[in-house]
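Okay, so here's the structure we're looking at.
The values are calculated or read from the model by the stated rules, or taken from the named source; none is laboratory data. Treat the numbers as computed from the prediction; the structure is a model and nothing was measured. Here the Cβ positions follow ideal geometry from the backbone for every residue, glycine too, while neighbour counts run over all protein chains shown. Heavy atoms of the whole protein, side chains included, go into the accessibility calculation; ligands, DNA and RNA do not. Shrake-Rupley method; radii C 1.70, N 1.55, O 1.52, S 1.80 Å.
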Amino acid sequence: MILYFSGSGNSKFVAKYLAILLKDEVISLNKIIKENLSLDLISNKPYVFVCPIYAWRFPSRIENLIKNSNLRGNNNFYFIATMGLNCGNADKYLKKITKSKNKNYMGFGKIIMPNNYLISDKPESSENIKKIIQNAIPSIETFANKISNNEIIKYEKREFFGFLKSSFINYLFNKFFVNGKNLVVDENCIKCENCIKSCPLNNISLVNGKIKISNNCMFCLSCLNNCPKNAITFMGKKNGTYSCPSVEDFLKK
């Protein structure tokens, strides 16, 4: 069973391609969280979690969702992370969670995808996006093959100060940075409600004819990247939006 969380579509792309290769089902953790459901499932195939890296770890809400899950049947847990550059010691935290649930930790794999944090940088060109995703395909296929054969995915490369990034800096990120206060809605808003529909935490609402973003945010930037008018910005910075193409459309080309 492939379970994914995705803000920009990167992890959704990887999850759906894995599902095609493995002939397995896909579950959206966005939907689980949005509908306030418990993660209570049964699968005869391994559980494969596909998720972006936020500040050198899986998002804290996803880690907690897995900690509190009731996943029965197969006892093998795989973790696949989508990211821009690096992931610190994210794998060590996921291994600890897996062991706490008496499951088999089958490894951690990383997939380089177009960066979805557009706070200080402009989005990649469409040509570069296509190239980055195309370069990711062999890694996805390699991981699918290992999962199919119940082989361990080995992640051995350690980053300089990775332990610090995934612990102290991650703590600061979640405590002071992850909120909706810095997300600004400007006059270009057409009230299409895409942001409301895409927000996994139901943190956005239409109040008195205006879009209101509250503080229950996990900084997935789904609202920003799904706005057709680029009306939602981080502190007013208009750096553009990014949305990963669907795996179906990409594979057709």
C-alpha center-to-center spacing [the stretch 162-195, the stretch 199-235] in angstrom
10 Å
Take the Cα coordinates of the stretch 131-201, assign each an equal point scatterer, and use the Debye formula without solvent to give log10 I(q)/I(0) at q = 0.16, 0.17 Å⁻¹.
-0.99, -0.99
Sorted largest first, the Cα spans of the stretch 117-253 on the principal axes come out in Å as 55, 43, 27
The long-range amide H neighbours of Ser6, using H built 1.01 Å from N in the peptide plane and a cut-off of under 5 Å, are Asn30
Binned at 10 Å starting from 0, the alpha-carbon pair-distance distribution of the stretch 1-65 in whole percents comes out as 21, 55, 23, 0
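Using only the Cα atoms of the chain, what semi-axes does the equivalent ellipsoid have when each is the square root of 5 times a gyration tensor eigenvalue? Give whole Å, largest first. Can you show the working numbers first?
On the way: eigenvalues 169, 81, 69 Å².
After diagonalising the Cα gyration tensor, the semi-axes are 29, 20, 19 Å.
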All alpha-carbon distances of the stretch 1-133, grouped into 10 Å bins from 0, give the whole-percent distribution 12, 44, 34, 9, 1
Using the Kirkwood radius over Cα pairs of the stretch 84-160, the Stokes-Einstein translational diffusion coefficient at 10 °C and 1.306 mPa s, in µm²/s and rounded to a whole number, is 109 µm²/s
Pair Lys122, Leu164: separation of 7 Å Cα→Cβ label points (nm):
3.3 nm
Can you show me the helix-derived [θ] at 222 nm for the chain, built from DSSP H runs with n ≥ 4 at -39,500 (n - 2.57) apiece and divided by the number of residues, rounded to the nearest 500.
-8500 deg cm²/dmol
Ranking Glu187, Glu151 from most to least accessible area with a 1.4 Å probe gives Glu187, Glu151
Whole-Hz ³J(HN,Hα) from phi, Karplus 6.51 cos²θ - 1.76 cosθ + 1.60, for the stretch 161-177, glycine and proline x:
6, x, 5, 6, 4, 7, 10, 5, 5, 4, 4, 5, 4, 5, 7, 10, 9
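Can you give me the relative contact order of the chain as a percent, contacts being Cα pairs under 8 Å and 6 or more apart? Write down the numbers at each step before the final one.
Working: 436 pairs, mean separation 53.6, N = 253.
Relative CO of the chain lands at 21 percent.
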What Cys residues in the chain have no fellow cysteine's beta-carbon under 4.7 angstrom?
Cys51, Cys87, Cys189, Cys192, Cys199, Cys217, Cys220, Cys227, Cys244
At q = 0.22 Å⁻¹, what log₁₀ I(q)/I(0) does a Debye calculation on the Cα points of the stretch 62-127 give, no solvent, two decimals?
-0.94
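Grab the Cα-Cα distance for Asn149 and Lys131, subtract it from 0.36 nm times how many residues apart they are, and report the gain in nm with one decimal.
Numbers: separation 18, 0.36 × 18 = 6.48 nm, distance 2.87 nm.
Taking 0.36 nm per residue and subtracting the Cα distance, the gain is 3.6 nm.
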Give, as ranges by residue number, the residues of the stretch 206-231 whose backbone N falls under 18 Å from the point 7 Å along Cα→Cβ of Lys252.
none
So how far apart, in nm, are the two label points at Asn36 and Asn239 if each is 7 Å from Cα heading toward Cβ?
3.4 nm
Can you give me the solvent accessible area of Val26 with a 1.4 Å probe, rounded to the nearest 10 Å²?
50 Å²
The alpha-carbon pair-distance distribution computed for the stretch 170-226, with 10 angstrom bins and whole-percent values, is 24, 55, 17, 3
At Asn70 and Glu25, where each label point lies 7 Å from the Cα along Cα→Cβ, what is the point-to-point distance in nanometres?
1.7 nm
